Amino acid sequence: MELKWLEDFCCLAGCLSFSRAAYLRGVTQPAFSRRIKQLEGWMGATLVNRATFPITLTAEGARFLPMAEDAIRTMHRNRDSLRPRNEAEKHRVTFSALHTLTVTFLPAWLDDMRAHLPRFSSHVSPDKGGIEENIDTLLDGNCDFLLTYFHPSVPFLLDSSRFSFLVLGTEKVKPVAAPHPEGPLLDHALRTHTPLPYIDYGDFSFFGMALNKLFAKRAPFVRNTTHENTICIGHKAMALAGWGVSWLPERLIAGELAQGALVPASVDPDWELTTEIRLYRHADGARPIANRFWEAAASSASGVTR
């Protein structure tokens, strides 16, 4: 038995695609498939039903998944417990966070948290780009907390009975562009039936998935992708440079909207998204500083706690 086999299986269970899981795990698909076969051989049971599309877990696979996740977390916790810790680490909380939130939300929120928990320091892991990869950082025990956006249209692969969350606030995400002589650029494209110059998040980032669901609910229109980037700050720079319409968090563009450097791309509010800002942690306990931080965050949060 190898730990990477369990991590492979959990990744596969999350995306239900051998090719996607192999890509996320950084190996070729044949090598990934062999490792899943090796795990099934060691377990003496078929864990994955390969006859369906997308693939599904067998009954044995579904029963084994929480065991595999627990085993991975236990190994990581035991590894961490054996590492010598200096005094500073005892007061450090670690986050996996979407890049935009580390710029627009995290600094002021952490400053507010000092009124409730005076002694702590913080560390943020790099944004992995895709929502699944950021969630995996929490699943694998590599951080204390996951700071993320949430929208009902985006699948969130965390068991609510095992992962608690706080709602820290909300964020409006608006279609914006550099000023256009014909007025709001999205409305102009819809009115004239011309392709919309569109700055794309891709299919696997949080906003990419949310926008794909939004577009599916609206009348079809042609989008001409001028640039693709999973990071909002990159979108903002391209929108300012006149590359087209991007959906951007209101906190990120407040100054540009006030100055007129960016303007709404539509007068229709139904093109906006309202997301929650959530803080997640594993419900099975954590380091003492993480528990104290969570209690302080819960006492100051105005939203939902689950």
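The values are calculated or read from the model by the stated rules, or taken from the named source; none is laboratory data. Please read all numbers here as calculations on a predicted model, not as lab measurements. For neighbour counting, all protein chains shown are included, and Cβ atoms are generated from backbone atoms with ideal geometry for every residue, glycine included. These accessible areas exclude ligands, DNA and RNA; they are computed on the full protein's heavy atoms, side chains included. Shrake-Rupley method; radii C 1.70, N 1.55, O 1.52, S 1.80 Å.
Quick notes on this one:
- Accessible heavy-atom area order of 63, 218, 35, highest first, probe of 1.4 Å: 63, 218, 35
- HN-Hα J in Hz across the range 111-124 - Karplus 6.51, -1.76, 1.60, θ = phi - 60°, x for Gly and Pro: 5, 5, 5, 5, 5, 9, 9, x, 10, 7, 10, 9, 9, 10
- Full-extension gain in nm, residue 298 to residue 1, via 0.36 nm per residue minus C-alpha separation: 103.0 nm
- The peptide list 207-216, 187-196, put in order of mean Cβ contacts within 10 Å with the highest first, becomes 207-216, 187-196.
- Karplus-derived 3J(HN,Hα) values for the range 179-192, using 6.51 cos²θ - 1.76 cosθ + 1.60 with θ = phi - 60°, are x, 10, x, 8, x, x, 5, 5, 4, 5, 5, 5, 5, 9 Hz; glycine and proline are entered as x.
- Heavy-atom surface of the chain, accessible at 1.4 Å and reported per residue (Å²): 48
- Percent of C-alpha pairs per 10 Å bin, the chain, short to long: 5, 24, 28, 24, 14, 4, 0
- For the chain, the longest principal axis of the alpha carbon atoms and the long axis of helix 59-82 meet at an angle near 80°.
- At R0 = 30 Å, FRET efficiency that the Cβ-Cβ distance of residue 182 and residue 228 yields, to 0.05: 0.75
- Measuring nothing but alpha carbons in the range 169-273 and taking Rh as the Kirkwood radius, the Rg to Rh ratio lands at 0.92.
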